[in-house]
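Each value in this text was obtained by applying a stated rule to the coordinates, not by laboratory testing. Here the structure is a predicted model, which is why all the values come from computation and not from measurement. Don't worry about glycine lacking a Cβ; one is built from the backbone with ideal geometry, like all the others, and counts go over all protein chains shown.
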Amino acid sequence: MLYQHFDGQYVPLIASLSWSIVVGIASFVLVYKTRLFNQLLVVPLSAPFLALPALMFAFLMGFMSAEAWQNFSNARSALINETSAISRLVNIPVQPPEYQARSIALLKTYLQTSLSDEWAGEHNQVTSDKASDSINQLEVNVWDARKQCAQSTTTSSAACMDSIATSAFIKGIDDLRSAREQRLSAGYELGITYKWSLVIFLAFIAALSVAAAHRQSQKTGVIALILFCLSLWVAFSMVSLHINPYKGRQSVVPTPLVHLLETLDKAPNTGS
C-alpha cells in the first residue's frame, strides 16, 4: 500500500482511506460514466452475484489479518525470549573474573547496538553487524575462559567455570540468537507490496460489483458504494495498523531491553 515506506502513527489510516476513496471513485466512473455497463439497464445484474466478490475479498482479508496477528504475537514472544536470555546470561558467573567483566561489556554492546541500529533505526528490518558480532564474541569469550583454566597451572579450580555453568551459558547464547532471529523475521516486509496489490484489486472488483448491481439507480449505487468503501477503510486499517509489529500506535516497543541496559549501566564492574 506504499505506506510502509513512511513513518507516522496515522500513515496507515491515511493510506487506507486514500485507497478506499480511489476504489470507490474508479468504480463509480466505470459503471455510471462509461458505456461498459449500459447493458445492465436492459438486463439487470442478479443481486446475489454481489456476494461473490465481496465474499472472496472477505476471505483474503481474513488471511491477511491472521498473518498480521500471528506476526504481532511472534514479535512479542521474541521480545520476551530475548530479554529472558540476556537476563540469564547476566546472572551466569563466568570465571576467571576478567572474563565475567568482558561478558557484561559484550552484553551491553549488544543491547546498545540492537536498540539504536535495529529497533530505533530500521524498525527491525535490517540486521546490525555489531550486534551479531557481540553475540559471536560472547561465545568466544566463554570458550577462552574454559581454555585458560584448562591450560593454566596457577589458576585454582574454584576460579574456573564448571561444565554446568558453561552449558547453561552456551544455551543462553543460542536462545538469544533464536530470539533475535525471530524478532528480525517479524520485521521483514518481503512481498507485502504484492499482497496489498492483490487485496486492492479484489476490493476494486467487489466495489465494481456493488455499483453494477445498482446500475439502474445512480443515487442508490452511490449510497451503496459509500457504505462499502467505508467498510473497506475499516478492514484495510485494521490490517495495516498491525501488518508491521514495530510500527504504529500499537507497535511492540523494547521497554524491557531498555530497562535491562539501564540496570547493567548502574551495576558495578565485576572485573575491576
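Annotation for the range 233-247: no member residue is surrounded by 20 or more Cβ atoms within 10 Å (Cβ to Cβ) and over 21 Å from the mean Cα position of the chain (by Cα). GLY221 meets the conditions (1) surrounded by fewer than 18 Cβ atoms within 10 Å (Cβ to Cβ); (2) assigned to a helix (DSSP H, G or I) in every case but one. The failed one is (1). Scan the range 117-148 for residues that are under 17 Å from the mean Cα position of the chain (by Cα) and assigned to a helix (DSSP H, G or I) and jot them down. Result: ASP117, GLU118, TRP119, ALA120, GLY121. Search the range 113-127 for residues being in contact (Cβ under 8 Å) with a residue 60 or more places away in the chain and touching a helix residue (DSSP H, G or I) at 6+ places or on another chain (Cβ under 7 Å), and hand back the single one that is nearest to VAL258 (Cα to Cα). Among those that are in contact (Cβ under 8 Å) with a residue 60 or more places away in the chain and touching a helix residue (DSSP H, G or I) at 6+ places or on another chain (Cβ under 7 Å), it is LEU115. Which of the residues belonging to the range 38-89 are touching a Lys or Arg at 6+ places or on another chain (Cβ under 7 Å) and exposed (fewer than 12 other Cβ atoms within 10 Å of the Cβ)? The one that is touching a Lys or Arg at 6+ places or on another chain (Cβ under 7 Å) and exposed (fewer than 12 other Cβ atoms within 10 Å of the Cβ): LEU41.
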